[in-house]
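Enquirer: Just passing along the structure, written as structure tokens.
The values are calculated or read from the model by the stated rules, or taken from the named source; none is laboratory data. Treat the numbers as computed from the prediction; the structure is a model and nothing was measured. Positions of Cβ are backbone-derived with ideal geometry, glycine not excepted, and every protein chain shown enters the neighbour counts.
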Amino acid sequence: MEVEDFSTQELSPEDIKQLEEFRRIIQVAISDGRISLAEQERLETIMFANKKIIPAAIHLYSTLVS
């Protein structure tokens, strides 16, 4: 699996779209104040789906599950 460092380059429109969708799904998942196992599994599936992880997605996810 590839983890790209985007700190030195701009995100592509596709990466931005993926990150915004991921953020929206996180907001829905935590709207009731808790995250179910199914929601956690869905987020992980989305995060690893295209075999390329955006560090900002990792940050959002780690903030969610911490």
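Enquirer: Tell me which residues, restricted to the range 26-51, are in a loop (DSSP other than H, G, I, E, B), polar (S, T, N, Q) and closer than 24 Å to residue 16 by Cβ.
Expert: Taking the range 26-51 first, the residues in a loop (DSSP other than H, G, I, E, B) are 31-36, 49-51.
The next check asks that each one be polar (S, T, N, Q); those that pass are 31, 36, 50.
If the condition is that a residue be in a loop (DSSP other than H, G, I, E, B), polar (S, T, N, Q) and closer than 24 Å to residue 16 by Cβ, then 31, 50 are the ones that fit.
Enquirer: Just the residues that are touching a helix residue (DSSP H, G or I) at 6+ places or on another chain (Cβ under 9 Å) and part of a helix (DSSP H, G or I), please, taken from the range 52-66.
Expert: Hits for the range 52-66 are 56, 57, 58, 60, 61, 63, 64, 65.
Enquirer: Turning to a different aspect of this structure: Of the residues that sit in the range 31-63 and are of a type in the set (Val, Ile, Thr) and surrounded by 12 or more Cβ atoms within 10 Å (Cβ to Cβ), which one is modelled with the highest pLDDT?
Expert: The initial filter retains those residues of the range 31-63 that are of a type in the set (Val, Ile, Thr), namely 35, 45-46, 53-54, 58, 63.
Filter once more, keeping what is surrounded by 12 or more Cβ atoms within 10 Å (Cβ to Cβ): 35, 46, 53-54, 58.
Numbers: 35: 85, 46: 79, 53: 71, 54: 73, 58: 79.
Filtering first and then ranking leaves 35.
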